[in-house]
Amino acid sequence: MLCTGRLGGLAARASALLPGRARPGGLGAGLWAREVSTSWSPVGAAFNVKPQGFRLDLFGERQGLFGVPELSAPEGFRIAQENALRKSDLLVARACSTPPGPQTVLIFDELSDALCRVADLADFVKLAHPEPAFREAAEEACRSIGTVVEKLNTNVELYQSLQKLLADKKLVDSLDPETRRVAELFMFDFEISGIHLDKEKRKRAVDLNVKILDLSSRFLMGANFPNKIEKHLLPEHIHQNFVLAGEHVIVDGLHAEAPDDLVREAAYKIFLYPNAGQLRCLEELLSNRDLLAKLVGYSTYSHRALQGTIAKNPETVMEFLEKLSDKLSERTLKDFEMIRGMKMKLNPQNSELMPWDPPYYSGVIRAERYNIEPSLYCPFFSLGACMEGLSILFNELFGVSLYAEQTAKGEVWCDDVRKLAVVHESEGLLGYIYCDFLQRADKPHQDCHFTIRGGRLKEDGDYQLPVVVLMLNLPPSSRNSPTLLTPGMMENLFHEMGHAMHSMLGRTRYQHVTGTRCPTDFAEVPSILMEYFANDYRVVNQFARHYKTGQVCFRSVLRSMTL
Ligand SMILES: [Zn+2]
C-alpha cells in the first residue's frame, strides 16, 4: 500500500503516508551466537542477528529523528515548522518578484519542498512514533503546515507568477518537457483549489480543505488503532491469542490466519465493531468533500480526485471495476465453493461460511494443494534471508545494492528500526530506506511506504537524496529464531520494497514528481510487479536458506510454492 499524503497542491503530489543498531559487517560477537547461520551478508545479518543487550551510546550526540537536528525532542516540531514557514514566506516573495521563466518552476518546487519536508515527516511520526508527545507535536505540525499549503493554493499573487509563465507561448516552448510538466501540475493544483473563485469563496475552499485534512487524519487514525474488550466477555481459552492489558483484551487486527474459528470470529467482531464516532467522522468527511468539489466546479469529489490520474474520471474507474467483476465472478464462485467445502471437511458441526473464514481456509487449501507444511519452508524465509534476496535481485535488475547503516543516537524512533543505504554501482548513493518492520504496541496495523523527503536537484548542483520509511507488521524474533516470514508476508515485503525502489530510482530534477509522487494509480505498478518476483522460483531459489544452518531450501518445496 502506498499511503498517500493528504496535502494537495503545493504540497508534493501523492506524498507518502505509505533499524537502530545495524552494524555493517557486524557479524560475530553478540549474536544469537550458536543458533544463527553466520554466513549472512551484512544486510541479511542486520535483520537476522540481534545485537546483544542494549548498546549504550552515552557519549554520542543526540541527533534528532531522521538526523533532523531540531527533532531530538517533541518541541522541535514547532521549531522545524517555524523554520519551514519562514523559508516559505521568502520563497513566495521570490516567486512573485522573479520574471517568468524556468526559474519560476524551480522556486515553486523549492517552496513545495520546504513545506513537505516537515509535513511528510510529521505525517509519518504522528502515526508511528511510540511516544504520545512526539505524535501530538507531529500532528500539530501537520495541521499548521496543511493550513498554510491550502492558503498558498489560493494565493492570487503566487498564482499570477505561474500564470504569466504559462500564458507566454514563447516562454513555454523554451521550457524542457520536465519543467513544463511540473509547471502545469502546479497550475492544475491552483485550479482544483478554487483559484478562479472570488475572495469569499476562496476562503471557504481553504476552510473546507483544512477541515477535510483534519477529518481524514482522524478517521484514518481511528481505523487503524486496536479495540479493547473486557476480559470476562471472551472465553478464557482464547485470551492467549490476544494482548492482555489489566482487565482488558486488546484486539489489534483481524487475526485472519488463526486456525481457531472462534479467535477469528472474536477478532473480526471486536476489531470491526461499529464505532459511532468513526461513522460520524466519515459522514462529515464525505459531506465536506462534496461541498468542496461543487464549490470549485466539479460534479463530485471523485471527479476532482481522479483528474490527473491515469484513469482520469470515475466513469473509467466504474467501467474497469464492472468489467473486472464480470470476468471474475465465475472464478470467485468456484473459489467460494472450494472454501465452503474445506470448512465442511474440517469443521462439519459449524460449516456455514462466515466473513472471517475465507482468508484462513483458502490458505489451508493452498497448503494442501502444494502439500507443504509451513514448518518445512518457514525457516528458509527469515527476514534476513529475504532482505538478502532483495539485495541480490536489485543488484541484478538495477545494479543497486543495499547496505545496513549504523544509525545515530535519536535518529530512529524504535530500536528495531534498521536503516539501509541504497547504492548504485556507477551513480553511488541513491538514498535511504528506514525499515520499521516489526510489530509493537500502538503501531498502526498497516503495511505502508512513506516518503519522508523527496529527491531533487538543488540549485548548487547537489542532489537531495530521497528518504523513505517502510512500515510492516511482522512478528518479532523469538528467543530461538529470527523473524520468519510466511509466503504472504514475503509478498508484502517485496511489494513495499517495490515502492521504496521506485522512490530511490525515480530521480527527477523536481521533488514534486519524484518517485512515487506520480499519478496515484500508476504508483502501484512497480510494487505489484515486485510481487511477481516474490513468487518466481528463479528469484526465491537464490536466497531461501535455513536461518540456522545456511542450508538451501529443497528444490521440491520451492517448486511447489512458486510459479
Ligand atoms: Zn502499494
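The values are calculated or read from the model by the stated rules, or taken from the named source; none is laboratory data. Keep in mind that this is a model prediction, so the values were computed, not measured. All Cβ positions, glycine included, derive from the backbone under ideal geometry; neighbour counts span all protein chains shown. Areas reflect the complete protein model, heavy atoms only, side chains present, ligands, DNA and RNA absent. Shrake-Rupley method; radii C 1.70, N 1.55, O 1.52, S 1.80 Å.
Some notes on this structure:
- Some residue of the range 456-469 being within 20 Å of the chain's Cα centre (by Cα), within 13 Å of the ligand (Cβ to nearest atom) and modelled with pLDDT of 95 or more: yes
- Residues in the range 521-563 that are among the hydroxyl-bearing types (Ser, Thr, Tyr) and open to solvent by 60 Å² or more (accessible area, probe 1.4 Å): 532, 549, 556.
- Residue within the range 407-428 that is within 16 Å of the ligand (Cβ to nearest atom), farther than 30 Å from residue 359 by Cβ and not aliphatic (A, V, I, L, M) present: no
- Positions within the range 183-214 being small (Gly, Ala, Ser) and either touching a strand residue (DSSP E or B) at 6+ places or on another chain (Cβ under 7 Å) or closer than 24 Å to residue 513 by Cβ (or both), in sequence order: 183, 193, 194
- The set of residues in the range 253-290 being touching a strand residue (DSSP E or B) at 6+ places or on another chain (Cβ under 7 Å) and either open to solvent by 60 Å² or more (accessible area, probe 1.4 Å) or not in a helix (DSSP H, G or I) (or both) consists of 273 alone.
- The residues of the range 402-412 that are open to solvent by 20 Å² or more (accessible area, probe 1.4 Å) and in contact with a strand residue (DSSP E or B) (Cβ under 9 Å, 6 or more places away or on another chain), listed by number, are 403, 405, 406, 412.
- Just one of (1) under 21 Å from residue 496 (Cβ atoms); (2) open to solvent by less than 30 Å² (accessible area, probe 1.4 Å) fails for residue 397. It is (2).
- Candidate set: the range 352-384, residues that are outside any helix (DSSP H, G or I) and open to solvent by 30 Å² or more (accessible area, probe 1.4 Å); chosen: the one farthest from residue 418 (Cα to Cα): 352
- Within the range 108-143, tally of residues that are open to solvent by 20 Å² or more (accessible area, probe 1.4 Å) and among the small types (Gly, Ala, Ser): 2
- Near pairs, Cβ below 9 angstrom, 6+ apart or cross-chain, from the range 365-383 (over 28 Å from residue 46 (Cα atoms)) to any residue that is open to solvent by less than 20 Å² (accessible area, probe 1.4 Å): 365/339; 365/342; 368/342; 370/557; 372/557
- Candidate set: the range 125-172, residues that are closer than 20 Å to residue 82 by Cβ and acidic (Asp, Glu); chosen: the one modelled with the lowest pLDDT: 150
- Reported count of residues in the range 68-105, each being open to solvent by 10 Å² or more (accessible area, probe 1.4 Å) and either in a loop (DSSP other than H, G, I, E, B) or in contact with a strand residue (DSSP E or B) (Cβ under 9 Å, 6 or more places away or on another chain) (or both), is 7.
- Conditions (1) surrounded by fewer than 16 Cβ atoms within 10 Å (Cβ to Cβ); (2) in contact with a strand residue (DSSP E or B) (Cβ under 6 Å, 6 or more places away or on another chain); number of the one not met by residue 484: (1)
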